[in-house]
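First up is the structure itself, then whatever we jot down about it.
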Amino acid sequence: MNYQRILAVAKREWQEIYRDRLFLSLAFVFPITMMIAFAYGLSLDVEDIPIAVLDQDRSELSREYIHCFKDSRYFKFKGYLEHPDEIDELLTTQHIRAAIVIPEHFQSNLLEGRPSPVQHLLDGTFTTRARTVKGYMTAITRAFEKDILINFFSKCLGVPPQRVTEQLTPIKVQIRYLYSQAVESSQSLPPRLMVLVLLVASPFLTVVGIVREKENGSIYNMYASNVSRTEYLIGKLMPYMIIATINAFILWAIAVVMFQAPFKGSAVLFVAATLLYVLCTTLIGLVISVFVRTQVAGVLITAILTIVGGTLYSGVLTPVSMLSEDNQLFCHLLPAMYYTEIVDGVFLRNVGLTVLWPNLLVLAVYSALLLVVGYTKFTKRPKT
């Protein structure tokens, strides 16, 4: 293996990239734009849910019940309604996502110790969010019920409300959120988006760069040269590895500086894992480019594999443990899941090599397998 020939191939490839100013710009602009667009536009938090109320009782207790929703950060109060038909119209036009119907005699029934039904109407178009909204509304209602019961028994028994509270709730639940005390996706999502952006951008650049030579015929110069396939592949991949590595640290800076994502772990471990993941994603592009002859085919295959795999089977948007067993199997077959666990561990949980070494090992094995496939399938003998 001649290192001068490797550097010559790498220099030639970099010159090709530099001459194509559009490709060079997209190589850096596309990942940054994708990162910022997803980080700003994608939120896993269910908040500011537009809600309206049909209050047919118009009593003091009904207003207190409504204020429980007004004071919650999860709901955005859109106003009172006068007729039940307005609810259907607003839900159909998606001006509101939830509605509350408080019937007549709401206050009198509660004060007399009788149950009073309250109707919650939810937009079930987005089922996952609808279940979350249902949980919010149920929790707020239960808290309001508790206050009603405390006041009722306090008056009936003539004991202080605190004593009644102790009897009604003997179990004191203390909830502590670990690793992300704010419990906001704005802190945990941007680091994970690095996984998705690198998985999409790196193979795209590699596929376009290699397949482009097949289309314009310049690869035949390599076929006729004394450059071995090992030298060619290493030299060919070096510029894209460098570009992907630069992009990775730009994305890291965006996550930490622009979106204030906490970085609690080892920088050395993160750099090592990122370099390994960049190698892995670049090799994915190499393997795809070996099997296709046109840029269109390469881009389509890359888009299907990386976008679908990155969004559904990486753990970026949905925890792997919450997926079905079949989907978990797909997750373990893709490198993105292992890097996602590393990113979560380094950014949020401050875990080290003793915990994350299996993920690094899998990424190394995955890269080795891709390299073997790319090397064995690439040949200097052109197919006719």
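The values are calculated or read from the model by the stated rules, or taken from the named source; none is laboratory data. Since the structure is predicted, the reported quantities are computational estimates derived from the model, not experimental observations. Methodologically, a virtual Cβ is constructed for each residue, glycine included, from the backbone with ideal geometry; neighbour enumeration extends over all protein chains shown.
Scanning segment 260-301 for residues that are assigned to a helix (DSSP H, G or I), touching a Pro at 6+ places or on another chain (Cβ under 7 Å) and farther than 19 Å from VAL372 by Cα turns up nothing. Of all the numbered requirements in (1) at pLDDT below 90; (2) under 25 Å from GLU184 (Cα atoms); (3) surrounded by 15 or more Cβ atoms within 10 Å (Cβ to Cβ), PHE270 misses one, and that requirement is (1). Every listed requirement among (1) assigned to a helix (DSSP H, G or I); (2) over 15 Å from the mean Cα position of the chain (by Cα); (3) of a type outside the set (Val, Ile, Thr) is met by PHE347 save one, (2). Only one entry in VAL197, VAL159, VAL211 is more than 28 Å from the chain's Cα centre (by Cα) and assigned by TED's automatic domain parsing to the domain that holds ALA244, namely VAL211. Within segment 108-145, being surrounded by 14 or more Cβ atoms within 10 Å (Cβ to Cβ) and over 14 Å from PHE69 (Cβ atoms) holds for ASN109, LEU110, LEU111, SER116, ASP123, ARG129, ALA130, THR132.
Assess whether LEU233 counts as being modelled with pLDDT of 90 or more, assigned by TED's automatic domain parsing to the domain that holds VAL355 and of a type in the set (A, V, I, L, M). Spelling it out, it is not the case that LEU233 is modelled with pLDDT of 90 or more, assigned by TED's automatic domain parsing to the domain that holds VAL355 and of a type in the set (A, V, I, L, M). Selection within segment 130-187: residues that are under 22 Å from ILE49 (Cβ atoms) and among the charged types (D, E, K, R). The member of this set that is modelled with the lowest pLDDT is GLU184. Search segment 207-228 for residues being surrounded by 14 or more Cβ atoms within 10 Å (Cβ to Cβ) and over 25 Å from ALA27 (Cα atoms), and hand back the single one that is modelled with the lowest pLDDT. Residue satisfying both the conditions and the ranking: SER225.
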